[in-house]
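Encoded as structure tokens, the structure appears first; notes follow it.
The values are calculated or read from the model by the stated rules, or taken from the named source; none is laboratory data. Keep in mind it's a predicted model, so treat the numbers as computed, not measured. Backbone-built Cβ (ideal geometry, glycine too); neighbour counts: all protein chains shown. Heavy atoms of the whole protein, side chains included, go into the accessibility calculation; ligands, DNA and RNA do not. Shrake-Rupley method; radii C 1.70, N 1.55, O 1.52, S 1.80 Å.
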Amino acid sequence: MHRSCQGTGSDGNRVQPLYVVEQGRPDRYASVLPVLRNELATVDDTFALSAAETGGALRVWWVFDPATCEPDVTRVANPGPTNPGPTTPGPTTPGPTTPGPTDPGPTAPVPTIPGPATPGPGRPTVTVAGPATLRPWLPARLTAAPSGAGTVTVTWSVAPAACAIGSTTAATLVIQCPSGRSGRTTPTATFTRLDGLAATATATATATIALTGPRATLTSSLAVATGSPRPGQPTTLTAVVRYGTIPVRASVSIWSSTDAKRWSRVGAVSDTSATGRLSVQVRPARPTSYRLRVVAPPGTGWAVAAAPAVRVTATRWPVRLTAGWAPGQVSGRLRDAATGRQIAAAPVRLQQRVPGASTWRTLHIVRTSRSGGVQALVRTAPRTPYRWMFVGSSTRAPRTSGTVSIGP
């Protein structure tokens, strides 16, 4: 509601606009009244917009006509200076025909011409429709409507500003306050009526919405884009928080564990978007479990149902291991299966199986060279098979080579 329309129009301490004309001078009250009211509206809006910048609300309490809510501009006739000259003005005496009183005017001016029954031209009014209360973190839609016809532009300002979602220059505004916001939010709609390219009048309305609501339960979930990425390769976790089917702009954190006992937070506590979602990229080096926590401080009215943890099984990079032989020695080479690049400084075991045995016995553990090659000297044993075995690492999968036999 426009501040000047509060009360009866004459109660309390108010500002009385005056149109003062000296007796005997041209009286242009009727023609300039719309201009004066437009200037009063500009003064009023200047106070309102300045206060809104710091989250406040302030307007000028004009004396107004309760039938129209228009400021009452009182016409006052000023008798002018006392002139003892002739009743008919002389050539050098421009004073009034009747000497004016020595009293400059009444202490409580009474209007001689009542204001118009309808608002002056170009002066819009505005109303804002929306909820009086809003549960924290949920969206709400507000609609502002101006009076009268003509070209009108609208601009919204919201305190706090983070509660505004989407366009602030349309008649409809969507608000959804992020986590950490409680108490209230105050959206303000300012309409400006345009005459050609120039603004002729403005009107402002402010709504106060309490961020409160009875206790209710949120649902949350956590999903992974790729459940088996390569070690150190990125995959995306997506958190979703809802109240029924309504997305919630909540405060969440994601935690990780490799043993399901000790948990550590991944990154900082963050807010979900207006869609109720938050995506986080992770690079697990080994099988890792992740879970979601929704932070609901006291006073928000929310209870949170725990979301089940998700497990990301990091699939280790595959390798290729070959074996060869020469008199008195067994050789081999370890390479990346996908790229063919050699793998250096990797421990590889040379194993032997004695004829007639069912198990393999490790003879040597040798590290691969820069070229991924490895070799070991062995005693020639007839019909004895040998092989290389790579037990794997945190990022590479285990691999066993084919067998080679030395001797007749």
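A few points about this structure:
- Residue that is farthest from the chain's Cα centre (by Cα) [pool: residues in the range 278-309 that are of a type in the set (D, E, K, R) and either at pLDDT below 90 or surrounded by 15 or more Cβ atoms within 10 Å (Cβ to Cβ) (or both)]: R286
- Checked against (1) open to solvent by 30 Å² or more (accessible area, probe 1.4 Å); (2) under 30 Å from A41 (Cα atoms), T245 passes all but condition (2).
- Within the range 210-242, considering residues that are under 15 Å from G301 (Cα atoms), surrounded by fewer than 18 Cβ atoms within 10 Å (Cβ to Cβ) and not β-branched (V, I, T), the one modelled with the highest pLDDT: R242
- Remark: pairs (first residue in the range 224-235, in contact (Cβ under 8 Å) with a residue 12 or more places away in the chain; second residue open to solvent by 70 Å² or more (accessible area, probe 1.4 Å) and part of a loop (DSSP other than H, G, I, E, B); Cβ separation under 7 Å; 6+ apart in sequence or on different chains) = P231/R286; P231/R316; G232/R283; Q233/R283; P234/R283; T235/A225.
- Residues in the range 19-40 that are among the aliphatic types (A, V, I, L, M) and either more than 22 Å from T125 (Cβ to Cβ) or open to solvent by 80 Å² or more (accessible area, probe 1.4 Å) (or both): V20, V21, A30, V35.
- Condition broken by S401, with the remaining ones in (1) open to solvent by 60 Å² or more (accessible area, probe 1.4 Å); (2) of a type in the set (S, T, N, Q); (3) under 27 Å from T313 (Cβ atoms) satisfied: (1)
- Across the range 289-345, the number of residues qualifying as hydroxyl-bearing (S, T, Y), in contact with a Lys or Arg (Cβ under 9 Å, 6 or more places away or on another chain) and outside any loop (DSSP other than H, G, I, E, B) comes to 3.
- The set of residues in the range 310-331 being open to solvent by 60 Å² or more (accessible area, probe 1.4 Å) and modelled with pLDDT of 90 or more consists of R311, R320, T322.
- Some residue of the range 368-390 being hydrophobic (A, V, I, L, M, F, W, C) and under 23 Å from A314 (Cα atoms): yes
- Evaluation of S273 against (1) open to solvent by 20 Å² or more (accessible area, probe 1.4 Å); (2) at pLDDT below 90; (3) on the phi < 0 side of the Ramachandran plot (one fails), failing number: (2)
- Test: residue in the range 376-383 that is part of a loop (DSSP other than H, G, I, E, B), on the phi > 0 side of the Ramachandran plot, without any contact (Cβ under 8 Å) to a residue 12 or more places away in the chain and of a type outside the set (V, I, T): no
- Answer residue from the range 114-159, given it is in contact with a Cys (Cβ under 8 Å, 6 or more places away or on another chain) and open to solvent by 30 Å² or more (accessible area, probe 1.4 Å) and is modelled with the highest pLDDT among those: T125
- Of residues in the range 17-69 being in a helix (DSSP H, G or I) and among the small types (G, A, S), the one modelled with the lowest pLDDT: A52
- Against the criterion of being open to solvent by less than 60 Å² (accessible area, probe 1.4 Å) and either farther than 17 Å from A314 by Cβ or assigned to a strand (DSSP E or B) (or both), T186 qualifies.
Okay, residues lined up against (1) modelled with pLDDT of 95 or more; (2) polar (S, T, N, Q):
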{"site": "T339", "(1), (2)": "no, yes"}
{"site": "Q352", "(1), (2)": "no, yes"}
{"site": "R361", "(1), (2)": "no, no"}
{"site": "F390", "(1), (2)": "yes, no"}
{"site": "R396", "(1), (2)": "no, no"}
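- Among residues of the range 332-351, those that are open to solvent by 40 Å² or more (accessible area, probe 1.4 Å) and polar (S, T, N, Q), counted: 2
- Residue that is surrounded by the most Cβ atoms within 10 Å (Cβ to Cβ), among those in the range 366-394 that are under 60 Å from the mean Cα position of the chain (by Cα) and basic (K, R): R367
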